[in-house]
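We did not get these values from a lab; they are worked out from the coordinates using the rules stated. Just so it is clear, the model here is predicted, and its values are computed rather than measured. We place every Cβ from the backbone using ideal geometry, glycine too, and count neighbours over all the protein chains shown.
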Amino acid sequence: MRLAFVGLGKMGRSILKGALERGFLRPEEVGVLGRTPERSRELAEPFGVRPLTRADLGMAERVLIAVQPRDFPALAPEIAHPRLGYTSLMAGAPTATLARRLDTRLGYISIMAGISTSVLARRLDNRRVVRAMPNLAVVIGESSTALTALKEAREAEDLAFARALFATVGDVYEIPEHLFDAFTGMSASAPAYLAVVAEALADAGVKMGMPRALALRLAADALAATGELLKGRHPAQVKDEVASPGGTTIHGLHALEARAVRAAFYEAVEAATRRGHELGESE
C-alpha cells in the first residue's frame with residue numbers, strides 16, 4: 001500500500017480524488033483510516049479504496065495525516081507505527097544504506113496547520129516527516145501547496161513523493177519551515193479573504209441597484225479574470241491600466257485607500273500567521 005490517509009475531510013478527499021484521477025495512485029494502493037471501522041468504510045467506499053484499522057498502517061509505505069491539529073496529540077501514539085528493526089552482518093553496508101534499502105520506518109505527511117516537523121517527529125517518534133499546507137483551491141485542482149521536510153524524509157524520498165502527490169492538485173512550492181506560518185496566513189487563508197472581497201463587491205453592486213445573482217457572478221468573474229492577468233503582470237501595472245486619469249476607477253481606489261484596505265490585509269495576514277505560531281507553541 002503506497003499511501004494511507006488518517007482522516008479524510010474536504011482537503012483529504014480532494015487530494016485523494018486528484019491523485020486517483022491523474023493516475024498517480026490506483027485505488028488498490030490506498031487505504032483510509034477513520035475514527036471507527038464503520039467510519040473508515042464510509043470514507044473509503046466512494047473512492048474504491050481500502051478501509052483500514054490502526055493495525056493496518058504498518059502495511060503502508062507512507063501515511064498522510066489529515067486531522068484537526070487539536071486532535072493530533074491524542075492520535076499520535078496510536079498512529080506512530082515503527083516497523084521491524086534489523087541487525088546486519090554485511091560488510092561494507094553502512095547504516096544509511098540499510099535504512100534506505102530496508103525502509104524500516106513509515107513516512108508521514110501532515111497537512112495540519114501550525115504543527116511543525118519537529119513536533120511531528122517527536123510525537124510520532126519518527127523523523128521521516130513532511131509538512132504540507134495546501135489551500136481550499138485543492139477542490140478544483142488549483143491549490144498552492146507549500147512543502148518542507150526533515151533530512152530523513154528527503155533521503156527516503158518522502159519529499160519527492162509528496163511533491164508528486166500535491167502536483168496532482170495544483171502548484172507546489174518548497175519553502176523554509178520558518179515561512180510556513182506566513183504561507184498559511186497568506187496563501188492558505190487567501191480564498192477566505194478573497195471570498196469576503198467578492199461578497200463585499202457584490203453587495204456594493206446590489207446597493208447600486210444590480211440584481212444579486214448578476215452581482216455575484218460579475219464579482220466572481222472579475223476575481224478569476226484578474227487572477228489570470230496577475231500571472232503576467234505586477235499588481236500595480238494592472239491597477240494603473242484600469243485607473244485612467246480623472247476616471248471612475250481612481251475615485252473608487254481613493255475611497256478604498258481612505259478606508260485603509262491595504263492595512264486591513266496586513267493585519268489579517270499577521271493575525272493568521274500569529275495564530276499558526278500559537279497552534280505550534282501549544283505542542
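Which angle between 0 and 90 degrees, to the nearest 10, do you get for helix 158-167 versus the longest principal axis of the chain when only C-alpha atoms count? That helix lies at roughly 40 degrees to the long axis. Partners of Lys239 within straight-line reach, counting lysines whose Cα lies under 23 Å from its Cα and excluding those fewer than 8 residues away in the same chain: Lys231.
Helices in the chain, meaning DSSP H runs of at least 4 residues, each add -39500 (n - 2.57). Divided by all residues, the mean residue ellipticity at 222 nm is -15000 deg cm²/dmol.
Taking the Cα centre of the chain as origin and assigning +1 to Lys and Arg Cβ atoms and -1 to Asp and Glu Cβ atoms, the resulting dipole is close to 440 debye. Shape analysis of the range 190-279 yields a ratio of the Cα radius of gyration to the Kirkwood radius, Rg/Rh, of 1.01. The listed peptides 113-126, 36-49, 231-244, ordered by packing as a protection proxy, come out as 113-126, 36-49, 231-244 (highest mean of other Cβ atoms within 10 Å first).
In this rough spin-label picture, where each label sits 7 Å from Cα along the Cβ direction, the Lys151-Arg35 distance is 4.0 nm.
Extent along the principal axes, Cα only, for the range 159-218: 52, 25, 9 Å, with the longest axis given first.
Subtracting the Cα-Cα distance of Ala204 and Leu253 from 0.36 nm times their residue separation leaves 16.2 nm of extension gain.
Computed from Cα positions, the angle between helix 10-21 and the longest principal axis of the chain comes to roughly 70 degrees. Extension gain, Arg26 to Ala80, is 17.0 nm, computed as 0.36 nm per intervening residue step minus the present C-alpha separation.
The distance from the alpha carbon centre of the range 175-198 to that of the range 14-62 is 28 Å, rounded to a whole number. In the chain, the longest principal axis of the Cα atoms and the axis of helix 212-230 are about 70 degrees apart.
Computed from the Cα positions only, the extents of the range 1-83 along the three principal axes stand at 33, 27, 21 Å, in decreasing order.
Each peptide in 55-61, 222-228, 16-22 gets a packing score, the mean of other Cβ atoms within 10 Å over its residues, and the list from highest to lowest is 16-22, 55-61, 222-228.
The rule of thumb for compact globular proteins, 2.2 N^0.38 Å, goes into the C-alpha radius of gyration of the range 3-180 1.01 times.
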